[in-house]
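First up is the structure itself, then whatever we jot down about it.
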Amino acid sequence: MELRHLRYFIAVAEELHFSKAAERLHIAQPPLSQQIQQLEAQLGVELFQRKTKRQVQLTEAGQVFLQEAYQLLAQLQKAIELTQKIGRGEKGQLRIGFTSLVTYNLLPVILRQFREQFPEVELILQELTTTEQERSLQESRIHVGFAHPPLEDNTLNQKCIQQEALIAALPETHFLAEREKISVRSLINENFIMFPRHLGSGLYDQIVSLCQQGNFSPKVTQEAIQMQTIIGLVSAGMGIALVPSSLQNLQRTGVVYRSFEEKTPLVETAIVWREEDIKPVVREFLQVAMSIYNK
């Protein structure tokens, strides 16, 4: 039995007339009759009762088979559409790794735009450090990541989509909070709250580099993995922190943000993926992200 048998049968069952069905199918009437006879022979039952040479009516078995044929073709159409959507990157699952930093301006914009264009794609988000994202990409546990170079794994593909300056997060009672801008050198005696270097060297090294511009090394008294934790510790008066400028979007009682008089190193955010694991839905996501932040 082939698909054409089902389509031919449905046409005859709906028209209840061989000539009209043949015209609808754009075939001659004799071949249509032969196809229906083949179908009945394969099933071992009569599907039609012949009222005249060309006009027919469905048997009880034919009525049942018609409903099943409708369902079969509908399921086939569904399978075709699903396959095409997955092939075009319009449906499927996308696993995304990200650092806490990108949640304050970058990631929400990209996710909103992507969901508007591809509402049927299931997004699974995992907050991971840059190092963890590299490992997860290599092990195919995520499809794409938002990380901060430099990366240890030079086999990964990356595209810088954002650069931002460093600013200082200070307790609102700090004497420097009264100034509009501050100098790096003014932080020489401060206690620093920082991100552990082994979980992502990029940001850590840039903070150290900025302090060295002021001829000192930061005195690190607290470490925290999450940016919101770092800002919480600043609010508690445990020290000060140097953070990317997008963190100003994280408003916390007791914390003020101040920019520097000097130029600072630029914190890069890159979208990262493995070319070997790329699939249509990943390609579409990359295009959306890069169209928004085209550097």
Evaluate region 281-295: report whether one residue or more is more than 18 Å from residue 148 (Cβ to Cβ), touching an Asp or Glu at 6+ places or on another chain (Cβ under 9 Å) and β-branched (Val, Ile, Thr). yes
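On the given criteria, is residue 16 on the phi < 0 side of the Ramachandran plot and of a type outside the set (Lys, Arg)? Before the answer, list the steps.
Numbers: on the phi < 0 side of the Ramachandran plot: no; of a type outside the set (Lys, Arg): yes.
Considered against the rule, which asks whether it is on the phi < 0 side of the Ramachandran plot and of a type outside the set (Lys, Arg), residue 16 comes out as no.
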Sole residue being modelled with pLDDT of 90 or more and either among the small types (Gly, Ala, Ser) or touching a Gly at 6+ places or on another chain (Cβ under 7 Å) (or both), chosen from 111, 123, 128: 128
Tally time: how many residues in region 155-186 are open to solvent by less than 50 Å² (accessible area, probe 1.4 Å), β-branched (Val, Ile, Thr) and more than 31 Å from the chain's Cα centre (by Cα)? 2
Criterion: in contact with a strand residue (DSSP E or B) (Cβ under 8 Å, 6 or more places away or on another chain), of a type in the set (Val, Ile, Thr) and outside any helix (DSSP H, G or I) - qualifying residue of 231, 193, 225: 193
Can you tell me which residue in region 14-52 is least open to solvent (accessible area, probe 1.4 Å), limited to those that are of a type in the set (D, E, K, R) and more than 52 Å from the chain's Cα centre (by Cα)? 50
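Hey, does region 72-85 have a residue that's in contact (Cβ under 8 Å) with a residue 12 or more places away in the chain, basic (Lys, Arg) and over 29 Å from residue 269 (Cβ atoms)? Step through it out loud before you land on a result.
So the first thing to find is which residues in region 72-85 are in contact (Cβ under 8 Å) with a residue 12 or more places away in the chain, and the list is 72-73, 76, 85.
Now narrow it down to the ones that are basic (Lys, Arg): 85.
Those still in the list that are over 29 Å from residue 269 (Cβ atoms) too: 85.
The answer is yes; a qualifying residue exists.
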Only listed residue being aliphatic (A, V, I, L, M) and in contact with a Cys (Cβ under 7 Å, 6 or more places away or on another chain), chosen from 144, 208, 184: 184
Restricting attention to region 196-222, which residues are under 18 Å from residue 100 (Cβ atoms), open to solvent by 60 Å² or more (accessible area, probe 1.4 Å) and assigned to a helix (DSSP H, G or I)? 197, 198
Checking residue 91 against (1) in contact with a helix residue (DSSP H, G or I) (Cβ under 7 Å, 6 or more places away or on another chain); (2) open to solvent by less than 40 Å² (accessible area, probe 1.4 Å); (3) more than 19 Å from residue 199 (Cβ to Cβ), the condition it does not meet: (2)
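Name the single residue, out of those in region 255-274 being open to solvent by 40 Å² or more (accessible area, probe 1.4 Å) and outside any strand (DSSP E or B), that is nearest to residue 286 (Cα to Cα). Don't jump to the end; show me each part of the working.
Filtering region 255-274 down to residues open to solvent by 40 Å² or more (accessible area, probe 1.4 Å) leaves 258-259, 261-263, 266, 268, 274.
Keeping just the survivors that are outside any strand (DSSP E or B) gives 261-263, 266, 274.
Working: 261: 36, 262: 34, 263: 31, 266: 23, 274: 12 Å.
It comes out as 274.
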Condition broken by residue 244, with the remaining ones in (1) within 18 Å of residue 268 (Cα to Cα); (2) without any contact (Cβ under 8 Å) to a residue 24 or more places away in the chain; (3) of a type outside the set (Lys, Arg) satisfied: (2)
In region 18-51, how many residues are in contact (Cβ under 8 Å) with a residue 12 or more places away in the chain and in a helix (DSSP H, G or I)? 14
Out of 81, 152, 116, report the one residue that is part of a loop (DSSP other than H, G, I, E, B), among the acidic types (Asp, Glu) and open to solvent by 70 Å² or more (accessible area, probe 1.4 Å). 152
Residue that is nearest to residue 282 (Cα to Cα) [pool: residues in region 119-149 that are open to solvent by 30 Å² or more (accessible area, probe 1.4 Å) and among the acidic types (Asp, Glu)]: 122
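The values are calculated or read from the model by the stated rules, or taken from the named source; none is laboratory data. Please read all numbers here as calculations on a predicted model, not as lab measurements. So basically every Cβ, Gly included, is an ideal-geometry build from the backbone, and we count neighbours across all protein chains shown. In case anyone asks, the SASA skips ligands and DNA or RNA and just uses the protein heavy atoms, side chains included. Shrake-Rupley method; radii C 1.70, N 1.55, O 1.52, S 1.80 Å.
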